[in-house]
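Input: a single structure, listed below in structure tokens.
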Amino acid sequence: MSSSSSSVWRRVALSIGVPAWVFLGFILAQALLLVVISALQYVGVVFSAFNPFLLNAILSVVIYALALLLVIGLPWAIKRYRTSLSELGVHRWPNWKDGIWLPLGAVGYVILSALLTSVALVVLPFFDSQQPQDTGFSGISGQFEYILAFVVLVIVAPVAEEVLFRGYLFGKLRKYAPVWVAVLVTSVVFAVVHFQWNVGVDVFALSIVLCVLRIITGSLWPAIFLHMAKNGLAFYLLFINPLALGILG
């Protein structure tokens with residue numbers, strides 16, 4: 001086999017393998033945590049004695065941390081397959097210019113999400129755009145619980161997901177595949193890991209916009225800020241002012 005053919009097959013293999021590895025790492029992180037919880041329960045730890053919202057917040061943070069360690073750290077530990085800060089898009093600190101893209105990205109996301117949701121409603125007979133998403137924080141009431149939910153949903157989740165998907169996955173894929181393929185594959189994987197059709201369609205649209213922001217700016221920060229803003233609005237509508245959500249439909 002010629003070196004050029006070998007190079008092509010390597011690029012194809014990596015274009016398939018990297019998304020599969022990110023998906024597997026995300027699932028494996030949850031599986032490992034379940035194993036640890038089962039082991040602790042076996043030795044007598046009673047998790048029902050803990051504040052369920054605090055416990056859920058801690059477990060969510062642990063899952064994200066494990067996923068990042070597995071996906072980024074394991075290849076380096078085994079194969080010395082390094083990932084640079086530039087590949088992740090966090091090679092510099094954020095600046096005021098990053099904030100300029102927030103309203104533009106938000107408009108693009110809203111339009112694209114509405115279009116894709118409309119198509120899904122027509123094409124997929126089982127698609128339920130009103131199906132609620134389980135955030136793990138339903139029924140919160142106290143100030144401490146609101147703070148926990150805000151930290152996990154509006155800060156931790158956007159940062160971790162952006163580093164994992166628009167940082168690592170997109171940063172690697174664009175080296176081995178055309179940019180448009182990298183954008184679509186990254187967005188499909190991001191949609192699939194949410195395991196819910198209506199949420200998947202919405203975050204697929206979000207991911208496309210976030211990838212475009214990464215391409216235009218060369219940085220992950222605008223994507224992080226837009227993701228935080230999107231989750232912050234969802235937090236407000238779900239937990240602070242749910243009546244507004246009913247008005248908006």
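The values are calculated or read from the model by the stated rules, or taken from the named source; none is laboratory data. Being a predicted model, the structure only gives us computed values, none of them experimental. Every residue, glycine among them, receives a Cβ derived from its backbone with ideal geometry; neighbour counts consider all protein chains shown.
For region 167-211, which positions are under 21 Å from residue 153 (Cα atoms), in contact (Cβ under 8 Å) with a residue 60 or more places away in the chain, of a type in the set (Phe, Trp, Tyr) and surrounded by fewer than 20 Cβ atoms within 10 Å (Cβ to Cβ)?
The one that is under 21 Å from residue 153 (Cα atoms), in contact (Cβ under 8 Å) with a residue 60 or more places away in the chain, of a type in the set (Phe, Trp, Tyr) and surrounded by fewer than 20 Cβ atoms within 10 Å (Cβ to Cβ): 197.
Only one of these conditions is not met by residue 79: (1) within 29 Å of residue 173 (Cβ to Cβ); (2) touching a residue at least 40 places away in the same chain (Cβ under 8 Å). Which number is it?
(2)
Could you list, ordered by first residue, the pairs with Cβ atoms under 9 Å in which the first is in region 222-249 and over 25 Å from residue 104 (Cβ atoms) and the second is of a type outside the set (A, V, I, L, M, F, W, C) and modelled with pLDDT of 90 or more, at least 6 apart or interchain?
Partner pairs satisfying both residue conditions: 239/146; 240/146.
Output yes when any residue across region 233-249 is outside any helix (DSSP H, G or I) and under 20 Å from residue 101 (Cβ atoms), and no when none is.
Looking through region 233-249, none of the residues is outside any helix (DSSP H, G or I) and under 20 Å from residue 101 (Cβ atoms).
Pick from region 109-163 the residues that are of a type in the set (Gly, Ala, Ser) and farther than 27 Å from residue 223 by Cβ: which of them is surrounded by the fewest Cβ atoms within 10 Å (Cβ to Cβ)?
Only one residue fits best here, namely 139.
Any residue at all in region 61-80 that is surrounded by fewer than 18 Cβ atoms within 10 Å (Cβ to Cβ) and not in a helix (DSSP H, G or I)?
Yes, there is a match, as at least one residue in region 61-80 is surrounded by fewer than 18 Cβ atoms within 10 Å (Cβ to Cβ) and not in a helix (DSSP H, G or I).
Which one of these is under 15 Å from the mean Cα position of the chain (by Cα) and modelled with pLDDT under 95: 203, 199?
None of the other options fit; the residue is 199.
Can you tell me which residues in region 35-59 are assigned to a helix (DSSP H, G or I) and surrounded by fewer than 11 Cβ atoms within 10 Å (Cβ to Cβ)?
35, 38, 39, 42, 48, 49
Would you say residue 216 is over 12 Å from the mean Cα position of the chain (by Cα) and either over 15 Å from residue 134 (Cα atoms) or in a helix (DSSP H, G or I) (or both)?
yes
Specify which of the listed residues (154, 163, 90) is under 23 Å from residue 26 (Cβ atoms), at pLDDT 90 or above and in a loop (DSSP other than H, G, I, E, B).
90
What about residue 225, is it at positive phi and either surrounded by 15 or more Cβ atoms within 10 Å (Cβ to Cβ) or not small (Gly, Ala, Ser) (or both)?
No; evaluated as a whole, the condition is false for this residue.
Report yes if some residue within region 137-149 is in contact (Cβ under 8 Å) with a residue 40 or more places away in the chain, assigned to a helix (DSSP H, G or I), aliphatic (A, V, I, L, M) and on the phi < 0 side of the Ramachandran plot; otherwise report no.
Yes, region 137-149 contains a residue that is in contact (Cβ under 8 Å) with a residue 40 or more places away in the chain, assigned to a helix (DSSP H, G or I), aliphatic (A, V, I, L, M) and on the phi < 0 side of the Ramachandran plot.
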